[in-house]
Amino acid sequence: MWIDNYHLMLVDTMVCVPEMKVWRMERLLMASGTNTLDVLAGASHVLALEGRVYQGYEVVSIDPERPYYVDVRARDEAALAIQLGDIPYTIVPERDWKPYRDAGYSRLYSPDGKYFVSGGEYSSADDTYYPQKVDYGKMSQPPIIMFDAKTEKMVAMADKSGWAAGVLGWASDSSGVYLHFSPMGGDYGFAPAGFPTYKLLAPGQKPSGKKPVLVN
């Protein structure tokens, strides 16, 4: 999921774009009698994801020197601020980290609304794909198709036979959508170095030429 315009969090891995730096994240629990948030002291900034935790926030560091995220119970922002103390933070509303999807369709729209990605249903009549009417959770198999939002015609496709595909999210500038491929039945989402992140480009966009850099 995208937690801001530049950071993509995939399970226990953080990807920073456009620099394409990648580092592992560790989840910490607020143990009784201890201040787990001490590990975030000195962090350049943290994001508090609203709605990720029951009656609280998931506090995520975007500082690779402090690669942690912590579930914090706090009934409101005032209670959260007391727990975070001097740590600089930004609250990310639930509507911002949860991608918008069309009801009844597996469509994930670009921020500018011009395109969407979806699973595709192949039509042999005209040798093309159409948007797939399935639950988004079933979009685990290739191909992943990019469609023009107005015409609903296919403009790009990502396919890798024998591999499972996952949609990570759109680039903040709508230049393309990030994907992750792993072998069918493999350890999806846990080995970005072994199974790198790909970007399916929107029409007219060019590759940046930057490769992921593993920070830790």
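List of remarks:
- If R0 is 45 Å, the Cβ-Cβ spacing of Glu26 and Val155 corresponds to a FRET efficiency of close to 0.70.
- Nitroxide proxy distance, nm - points 7 Å out along Cα→Cβ at Asp86 and His45: 2.0 nm
- You can think of it this way: the chain between Asp38 and Ala78 has 12.5 nm of extra reach, that is 0.36 nm per residue less the Cα-Cα gap.
- Label positions at Gln55 and Asp12, each projected 7 Å from the Cα along the C-beta direction, are separated by 2.9 nm.
- Around Arg27: net Lys/Arg minus Asp/Glu count, Cβ-Cβ under 14 Å: -1
- Cα-Cα over 26 Å, subset of Lys21/Lys150; Lys21/Lys199; Lys114/Lys199: Lys21/Lys150
Read-outs throughout are calculated quantities, based only on the coordinates presented, and are distinct from any laboratory measurement. Only a predicted model underlies this, so the values are computations on that prediction, with no experimental measurement involved. Neighbour counts are summed over all protein chains in view; Cβ atoms, including those assigned to glycine, are modelled from backbone coordinates with ideal geometry.
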